[in-house]
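No lab work stands behind these numbers, since they all come straight from the coordinates. Fair warning: this is a prediction, and the values are worked out from it, not measured in the lab. Methodologically, a virtual Cβ is constructed for each residue, glycine included, from the backbone with ideal geometry; neighbour enumeration extends over all protein chains shown.
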Amino acid sequence: MTDDRPTPATLRPTALLDSDHPEIIAFAQQHSHGRDDRERAVNLYLAVRDLVRYDLYRIDLSPDGMRASTALLQGYGWCVPKAALLAAACRAIGIPARVGYADVRNHLSTERIRRMMQTDIFLWHGYTEIWIDGAWRKATPAFNLALCERFGLLPLEWNGIDDSLYHPFDRAGNRHMEYVHQRGSFDDMPLAEIAADTLAAYPDWMRETRLLTEKAFLDDVEREVAAGDRPA
């Protein structure tokens with residue numbers, strides 16, 4: 001049987017999971033109230049999920065753009081840096097954490113994303129694995145609550161016991177997320193692989209994201225929800 005207990009690396013800062021950054025330390029201390037590691041991790045999960053807005057239109061694959069502290073300081077990020085931020089915040093308060101990745105099929109996305117990506121497969125979707133009560137628990141802090149309410153998605157809750165993974169359906173019963181390939185768990189973000197695969201798979205998306213803004217993302221969400229223009 002493989003020994004999958006935490007290693008010292010799951011508590012150490014790295015260049016990308018910079019748990020020693022002063023802002024991450026302050027954030028972790030502010031939001032990690034609770035009686036035990038489970039409650040503290042759940043409260044950190046909610047803080048990362050809802051206080052750092054999900055934004056798939058502004059992606060910077062450079063080391064600085066993908067760093068956990070950058071997502072915190074900017075106040076927005078997509079699934080990969082948000083997962084890194086949750087892992088770094090947990091490490092900052094002494095809870096072992098690492099990052100995990102999977103390829104997912106997104107049945108619901110904006111028309112612009114579908115056009116730019118030319119596929120519904122999202123490579124290297126990021127989530128966090130946190131060591132609580134003797135086991136690794138998966139947590140996915142990607143979609144903030146306000147976005148879920150605007151886009152008709154079910155918010156991802158997490159109790160620190162059961163894994164928190166993307167819902168297969170939205171509020172209306174439309175198919176949403178489907179996990180198609182697990183890439184595994186990592187003590188640090190494998191940025192070189194993520195960047196190479198993303199640039200190769202989605203060249204149009206990466207070119208256009210340099211010109212997009214948060215307002216463009218929210219406007220697209222509002223317009224498609226209002227028009228009912230969402231794939232089933």
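Pick from the stretch 16-75 the residues that are basic (Lys, Arg) and in a loop (DSSP other than H, G, I, E, B): which of them is farthest from Ile132 (Cα to Cα)? Applying the filter and picking the extreme gives Arg58.
Just one of the numbered conditions (1) surrounded by 16 or more Cβ atoms within 10 Å (Cβ to Cβ); (2) at positive phi is not true of Asp133: (1). The residue pairs whose first member lies in the stretch 29-52 and is under 18 Å from Ala84 (Cα atoms), whose second member is among the β-branched types (Val, Ile, Thr), and whose beta carbons are closer than 7 Å, counting only pairs six or more residues apart or on different chains, are Gln29/Ile93; Ser32/Ile93; Arg40/Ile93; Arg40/Ile95; Ala41/Ile95; Ala41/Ile130; Ala41/Ile132.
In the stretch 76-97, the residue that is farthest from Thr140 (Cα to Cα) out of those that are buried (at least 24 other Cβ atoms within 10 Å of the Cβ) and of a type outside the set (A, V, I, L, M, F, W, C) is Arg91.
Could you list, in sequence order, the residues of the stretch 47-75 that are farther than 16 Å from Met206 by Cβ, within 13 Å of the chain's Cα centre (by Cα) and buried (at least 18 other Cβ atoms within 10 Å of the Cβ)? Ala47, Val48, Arg49, Val52, Arg53, Tyr54, Arg67, Ala68, Ala71, Leu72, listed by residue number. For the stretch 7-20, the tally of residues that are farther than 18 Å from Val80 by Cα and under 21 Å from the mean Cα position of the chain (by Cα) stands at 4. Do we have any residue at all in the stretch 146-155 that's among the aromatic types (Phe, Trp, Tyr) and closer than 26 Å to Ile194 by Cα? Within the stretch 146-155, none of the residues are among the aromatic types (Phe, Trp, Tyr) and closer than 26 Å to Ile194 by Cα.
Scanning the stretch 73-97 for residues that are among the charged types (D, E, K, R) and within 10 Å of Val48 (Cβ to Cβ) gives a single hit, Lys82.
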